[in-house]
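The values are calculated or read from the model by the stated rules, or taken from the named source; none is laboratory data. Note that this is a predicted model, so its numbers are computed, not measured. Because the Cβ atoms are built from the backbone with ideal geometry, glycine has one as well, and the counts that use them run over all protein chains shown.
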Amino acid sequence: MGIGKIGRMAIKKNFRRIGVGGLVLNFLETKAKENGLSKLTLHAQNYVRNFYLYHGYETEGKLFNEAGIEHIKMNKKIY
């Protein structure tokens, strides 16, 4: 089983906080499972860390700068 990486995930401002991001994330996780992946990894902007924690992702390591913005590596096992 492999590891997949979610690159940039963006939701238009007027569609945030109404569940659209969670739907997109669930879709990506379902497709990853269908393709035989067992784990997903991503670099979350620090200010949305709690969104990914809520969806079962765990932090790994320390904050780092990517494109001038604080990020944290996050992972989720998706059996």
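General observations
- Among the residues of segment 1-58, those identified as among the small types (Gly, Ala, Ser) and closer than 19 Å to Ile69 by Cβ are Gly7, Ala10, Gly21, Ala44.
- Failed item, numbered, when Glu29 is tested on (1) surrounded by fewer than 16 Cβ atoms within 10 Å (Cβ to Cβ); (2) at pLDDT 95 or above: (1)
- Top-ranked residue in segment 47-79 [being loosely packed, with under 14 Cβ neighbours inside 10 Å and among the polar types (S, T, N, Q); ranked as nearest to Met1 (Cα to Cα)]: Asn50
- Considered as a group, the residues in segment 46-79 that are part of a strand (DSSP E or B) and among the hydrophobic types (A, V, I, L, M, F, W, C) include one that is nearest to the chain's Cα centre (by Cα), and that residue is Met74.
- Conditions (1) surrounded by 13 or more Cβ atoms within 10 Å (Cβ to Cβ); (2) touching a Ser or Thr at 6+ places or on another chain (Cβ under 8 Å); number of the one not met by Val24: (2)
- Of all residues in segment 27-45 being more than 10 Å from the chain's Cα centre (by Cα) and assigned to a helix (DSSP H, G or I), the one that is farthest from Gly2 (Cα to Cα): Phe27
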